1. Under the 0.36 nm per residue contour assumption, what length would be gained going from the current alpha-carbon distance of residue 31 and residue 124 to full extension?
2. When the chain is fully extended, how far beyond the present Cα-Cα distance does residue 92 get from residue 51, taking 0.36 nm per residue of separation?
3. Give me the 1.4 Å probe accessible area per residue for the chain, excluding ligands and nucleic acids, in Å².
4. Counting only protein heavy atoms and a 1.4 Å probe, tell me what percentage of the chain's accessible area is made up of carbon and sulfur.
5. Any chance you could run the full-extension gain for residue 71 through residue 103? It's 0.36 nm times the residue separation minus the Cα-Cα distance, nm to one decimal.
6. Which semi-axis lengths, in whole Å and largest first, follow from the square roots of five times the eigenvalues of the Cα gyration tensor of the chain?
7. Tell me whether region 17-82 comes out rounded, prolate or oblate; compute the Cα gyration tensor, take square roots of the eigenvalues as a ≥ b ≥ c, and use a/c under 1.5 as the rounded threshold.
8. Can you show me the helix-derived [θ] at 222 nm for the chain, built from DSSP H runs with n ≥ 4 at -39,500 (n - 2.57) apiece and divided by the number of residues, rounded to the nearest 500.
Amino acid sequence: MKTLKALGALLTYPSAALVEALPDIHAVIVDEGLLDTAERRGLKTLMQWMSSQDPLDLEEAYVATFDRGRATSLHLFEHVHGDSRDRGQAMVDLGQMYERAGLQLVTNELPDYLPALLEFTSLLPAAEARDTLADCGHIVRSVGEALRGFGSPYHAVFAAILNAAKLDG
């Protein structure tokens, strides 16, 4: 399910390398055929928007979208545990799950960072990936709805995650 890794990439900080890779990301999404037409159209709109932005404006929009409020945080456990001690143990458990699957985080990101989870699920058999995403489906839905309410083009990624996990109905 390479599409899940592609969706995760779209949610990472918008570097020049990411913007340059957008045509390849789009090709993966189209070629795999995991998403339906509406989700692919929404993602194409997002990628066109990303490509058309001044790099600094794109970075500012990303930070404003994902780093300035809990409602749209890409750190899943923040939605569940906030800053409690339970979040720390949940991080350890998730990190160990990644390690058992052979995935090692190479960035400074925490294990509950949604793009990391999407990369992890892209390595799993489809049914297991869907089950894993179903566990956080309510968070993905909530963040996606908040983004839609704010008029953010990033909401398309969340709709696509729900569609890929068959949680959109």
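1. Numbers: separation 93, 0.36 × 93 = 33.48 nm, distance 1.88 nm.
Fully extending the segment from residue 31 to residue 124 adds 31.6 nm.
2. Values: separation 41, 0.36 × 41 = 14.76 nm, distance 3.63 nm.
Net length gain for the segment: 11.1 nm.
3. Values: 8810 Å² over 169 residues.
It amounts to 52 Å² per residue over the chain.
4. Numbers: 4500 of 8810 Å².
Carbon-and-sulfur percentage of accessible area, whole number: 51.
5. Values: separation 32, 0.36 × 32 = 11.52 nm, distance 2.77 nm.
Gain in length upon complete extension: 8.8 nm.
6. Details: eigenvalues 106, 72, 50 Å².
With the √(5λ) rule applied to the chain, the semi-axes are 23, 19, 16 Å.
7. Values: a/c = 2.49, a/b = 1.36, b/c = 1.83.
Oblate is the answer for region 17-82, as a/c is 1.5 or above yet b/c matches or exceeds a/b.
8. Values: 10 runs with 119 residues, N = 169.
It comes out at -22000 deg cm²/dmol, rounded to the nearest 500.
The values are calculated or read from the model by the stated rules, or taken from the named source; none is laboratory data. Quick caveat: nothing in here was measured; it's all calculated off a predicted structure. Just so you know, the surface numbers come from the protein's heavy atoms only, side chains and all, with ligands and any DNA or RNA stripped out. Shrake-Rupley method; radii C 1.70, N 1.55, O 1.52, S 1.80 Å.
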